[in-house]
Amino acid sequence: MKTRAILVAGGKGSRLYPFTHYTQKTLLPLFDRPVIDYALGTIRRGGITRTTIISNEHIGQIAKHVGQSLEGEQIHYVLEEEPQGVAQALLLARPHNENCRLMIYFSDNITTVEFDQLVQDFSEAEDPPGCLLLAREEENPQAFGVAVLDDKERIVDVVEKPENPPSNLAIGGIYLFDETFWQKFDVAVQERGEAFSISDINRAYIAEGKAEFVSVGAETWVDCGTPETLLQASIMAKEGKLNPRPFRER
């Protein structure tokens, strides 16, 4: 079963005002390329050829920058007229992404992790493979979903932005979900309403024993949604640690 991608680039980007009054945060520069080039590069190098991009009133700027799809690729652009949370954004992408496996990528997150083998294994699994979470040791994980591990280092829960984190393992904004995602989504939205977060989906997979995580180093994933972390990611890009290209160099 093929894996498709939903690139969530919505919201107001208020942490990056005043720049995001005039453009979408994914078009802000990381050194010499915009953020979205790095996010799309990761998706494309993962072997994913169908991507839905959700964004706000600046989506025309994104479409103008991204331009024509690559050969054999399909990109759908979806307008989020008003920011109404993650659940509503995902619902807008749903018509293009049912009956498939999904990479859900929140555009603030830039990583050096290469997903080609992970996506291939995930797509080729005969039975629904559950979900795969990207995680990182974080000195101050209070701003993230944080993993709860048992004594065998298996993930048993995710708590969202806890005041007293149960571990230093932050769950990043890049996820792989199997074809049961929308079923779990519908249940979570019904139960949680406006309080819904992607961690509710993660917990549903964890409750089934169908969640795994990949832990990466401190320098291989950065949430570039603030001026400080945007600068950090820009330095990484200048140093050649980040790759915006759609294909692996041979």
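Would you be able to tell me the number of residues in the range 115-161 that are out of contact with any Ser or Thr (no Cβ under 8 Å at 6 or more places or on another chain) and closer than 22 Å to Lys2 by Cβ?
14
Can you list the strands (runs of 3 or more DSSP E) found entirely within the range 150-237 that contain at least 1 residues being among the aromatic types (Phe, Trp, Tyr)?
Where strands (runs of 3 or more DSSP E) fall fully within the range 150-237 and carry at least 1 residues being among the aromatic types (Phe, Trp, Tyr), they are 169-177, 211-216, 221-223.
Could you list, ordered by first residue, the pairs with Cβ atoms under 8 Å in which the first is in the range 116-144 and small (Gly, Ala, Ser) and the second is part of a helix (DSSP H, G or I) and modelled with pLDDT of 85 or more, at least 6 apart or interchain?
As it stands, the answer is Gly130/Tyr205, since those pairs meet every condition given.
(1) surrounded by fewer than 20 Cβ atoms within 10 Å (Cβ to Cβ); (2) charged (D, E, K, R); (3) modelled with pLDDT of 85 or more: which one isn't true of Asp151, the others all being true?
Going through (1) surrounded by fewer than 20 Cβ atoms within 10 Å (Cβ to Cβ); (2) charged (D, E, K, R); (3) modelled with pLDDT of 85 or more one by one, Asp151 breaks only (3).
Contact list please: Cβ distance under 7 Å, first residue in the range 95-106 and small (Gly, Ala, Ser), second residue at pLDDT 95 or above and assigned to a helix (DSSP H, G or I), pairs at least six apart or on different chains.
none
Is it the case that Pro18 is touching a residue at least 12 places away in the same chain (Cβ under 8 Å) and out of contact with any Phe, Trp or Tyr (no Cβ under 8 Å at 6 or more places or on another chain)?
Answer is no for this residue.
Could you tell me how many of the residues in the range 29-71 are over 15 Å from the mean Cα position of the chain (by Cα) and among the aromatic types (Phe, Trp, Tyr)?
1
When you check Asn97 against the structure, is it more than 21 Å from Thr220 (Cβ to Cβ), surrounded by 14 or more Cβ atoms within 10 Å (Cβ to Cβ) and not aromatic (Phe, Trp, Tyr), yes or no? First the steps, then the outcome.
Working: more than 21 Å from Thr220 (Cβ to Cβ): yes; surrounded by 14 or more Cβ atoms within 10 Å (Cβ to Cβ): yes; not aromatic (Phe, Trp, Tyr): yes.
Considered against the rule, which asks whether it is more than 21 Å from Thr220 (Cβ to Cβ), surrounded by 14 or more Cβ atoms within 10 Å (Cβ to Cβ) and not aromatic (Phe, Trp, Tyr), Asn97 comes out as yes.
Considering only residues that are under 12 Å from the mean Cα position of the chain (by Cα) and of a type in the set (Ser, Thr, Tyr), look in the range 87-115 and name the one that is farthest from Arg50 (Cα to Cα).
For the range 87-115, the residue satisfying everything is Thr111.
This table checks each residue for (1) among the acidic types (Asp, Glu); (2) in contact with a Leu (Cβ under 7 Å, 6 or more places away or on another chain); (3) under 25 Å from Gln232 (Cβ atoms); (4) buried (at least 18 other Cβ atoms within 10 Å of the Cβ).
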site: Leu90; (1), (2), (3), (4): no, no, no, yes
site: Asp108; (1), (2), (3), (4): yes, no, yes, yes
site: Gln117; (1), (2), (3), (4): no, no, no, no
site: Gly193; (1), (2), (3), (4): no, no, no, no
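Identify all residues within the range 23-74 that are touching a strand residue (DSSP E or B) at 6+ places or on another chain (Cβ under 9 Å), hydrophobic (A, V, I, L, M, F, W, C) and loosely packed, with under 15 Cβ neighbours inside 10 Å; write none if there are none.
Result: Ala63, single match.
For the range 147-186, give me each residue that is under 25 Å from Leu91 (Cα atoms), of a type outside the set (Phe, Trp, Tyr) and in contact (Cβ under 8 Å) with a residue 24 or more places away in the chain.
Matches in the range 147-186: Asp157, Val158, Val159, Glu160, Ile171, Gly172, Gly173, Ile174, Leu176, Asp178, Glu179, Thr180.
The values are calculated or read from the model by the stated rules, or taken from the named source; none is laboratory data. This is a predicted model, so every value here is computed, not measured. Counting neighbours? That spans all protein chains shown, and the Cβs are built from the backbone with ideal geometry, glycine included.
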